[in-house]
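The values are calculated or read from the model by the stated rules, or taken from the named source; none is laboratory data. Because the structure is predicted, anything quoted here is derived from the model rather than measured. Reconstructed Cβ throughout: ideal geometry from the backbone, glycine too, with neighbour counts over all protein chains shown. SASA here: full protein model, heavy atoms, side chains in, ligands and nucleic acids out. Shrake-Rupley method; radii C 1.70, N 1.55, O 1.52, S 1.80 Å.
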Amino acid sequence: MPKIISISTHQPPYTLQQSNAEELTKELFYEKIPKLERYLKVFDNGGIETRHFCVPPEWHRTNHSFEERNGLYIELATQYSVSVIQACLQNEAFLHSPISPKEIDAIIFVSSTGISTPSIDARVMNKLPFSNQLKRIPLWGLGCAGGAAGVSRAYDFCKAHPNAKVLVVCVELCSLTFQPNDFSKSNLIGASLFADGAACILVCGDEIMIDTKKPSPSILATGSKWMPDSENVMGWDVKNNGLHVIFQKSIPAIITSWLGPYIEQFLLEQGIYSEQLTHFIAHPGGKKVLKAYEDTLYLSSQKTDISREILRQHGNMSSPTVLYVLEQFMLHEGQVEDTGLLVALGPGFCAEAVLLNWRE
């Protein structure tokens, strides 16, 4: 089975306490949103303490055009991609020796918070010594589901090419999409929840033999689920001044009524029950989302402790977030024969599931 050999994450330079983010939002929206004090409680109730951003807080006190935002996205997404790829290929926690970019056969680049043609992976190839025959697979528009989808597509590639090494790179700069003149509740919730981050994993096919320092999660199976006529659950409303967040409050209920039965079916097809999972590697879309996972899959709160901790320290970074969670399991938790389920939700409305088994 294809296996995840190495993983790294990248922390943007500006750290903001949630209380300070709340004060900044209050300053920007003062007298512009009715009952603002009531809505600001989402900052206190979301289970987030700190978040990390690619721009300083004062950047949001002035208006920025879509062109300016997107130009900054291209510059910084390229920079963060280079950094996190280098860290992944040289990660001494997992690898006995570094792996050269020249050895990589494909790169899957995942992002939804900016627009670039050619895609960011092409720009990264000018910074690192990849082969000029590298296969590029950019994924755009999957939002929070993108990290899990990237793992799934790397699995597909390595099943077809068992001697391949594939990078999955997720970069999201949610702070650049914040709209100070959008007074909707969705924008306010987004301001309380979203953050910036980048992550990279190295997936290798069956015929690649790399001796690692820790047990590696092999990918046993993947699954996808799509909900018809659900475009308004989550996503972007693209306007002249940029990307405006769409975020319905019904997402926890959807997890219970729609996702829960699908996950149970997916696991049964693999011959296991949710109670048999050693690890539950959930994208922490929010505190209520994690509680919905626990309720519908009959999981103890301990099963989502790491996801909850990533949410507390980093907020929701969209696609990379589930890989931040996976990194902690790979560093500290995964033992030989452990079984894990990686799950994330995103625009579409869709779910992505990846079944993992740790092996030597």
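Below is a table of values for the structure above.
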item	result
Charge sum, other residues only, whose C-beta stays under 13 Å from Gly147's C-beta, Lys/Arg counted +1 and Asp/Glu -1	-2
Given charges at Cβ of Lys, Arg, Asp, Glu: the chain dipole, positive-most of Asn45, Gly334, Thr113	Thr113
Under Karplus coefficients 6.51, -1.76 and 1.60, residue-wise ³J(HN,Hα) of segment 63-68 in Hz, glycine/proline x	7, 9, 6, 4, 4, 5
Sulfur and carbon atoms: percent of accessible area, segment 3-204 [1.4 Å]	49
Projected area averaged over orientations for segment 103-241, convex hull of C-alpha atoms, nm²	11.0
Nearest-20 debye value, the chain charge dipole, Cβ charges on Lys, Arg, Asp, Glu	420
For segment 235-270 versus segment 327-360, the gap between their alpha-carbon centres in whole angstrom	18
Accessible area per residue, Å², segment 235-290 with all protein chains present, probe 1.4 Å	48
Helix axis angle, 260-269 relative to the chain longest principal axis, alpha carbon, degrees	0
Dipole of the chain [Lys/Arg +1, Asp/Glu -1 at C-beta], most positive-end residue of Phe349, Leu24, Gln265	Leu24
Over 29 Å between alpha carbons, listed pairs Lys213/Lys303; Lys127/Lys225; Lys214/Lys249; Lys3/Lys102; Lys32/Lys303	Lys127/Lys225; Lys214/Lys249; Lys32/Lys303
Positive dipole terminus of the chain, leading residue within Val151, Tyr298, Asn240 (C-beta point charges)	Asn240
Net dipole in debye of segment 16-69 [+1 Lys, Arg Cβ; -1 Asp, Glu Cβ; about Cα centre; nearest 20]	200
The chain - share of DSSP beta bridges that are antiparallel (%, nearest 5)	75
Interchain or long-range residues, amide H under 5 Å from Arg359's placed H	Ser216, Ser218, Glu337
Within-13-Å neighbourhood charge of Val55 [Cβ basis; K, R +1; D, E -1]	-1
Cα pair distances in segment 223-358, grouped into 5 Å bins until the bin that holds the longest one, percent each	2, 10, 20, 23, 21, 13, 6, 3, 1, 0, 0
Sequence-separation-based contact order of the chain, relative, with Cα cut under 8 Å and 6+ spacing, percent	25
Computed accessible area, Arg312, all protein chains, 1.4 angstrom probe, square angstrom	70
All-pairs alpha carbon distance profile, segment 283-338, 5 Å steps from 0, percent	4, 20, 28, 24, 18, 5, 0
Solvent exposure of segment 3-204 as accessible area per residue, Å², 1.4 Å probe	41
Heavy-atom SASA rank of Asp196, Asp156, Asp182 (probe 1.4 Å, accessible area, largest first)	Asp156, Asp182, Asp196
Hypothetical label at Ala160: residues of segment 105-135 whose amide nitrogen lies under 20 Å (7 Å Cα-Cβ projection)	105-111, 119, 121-122, 131-135
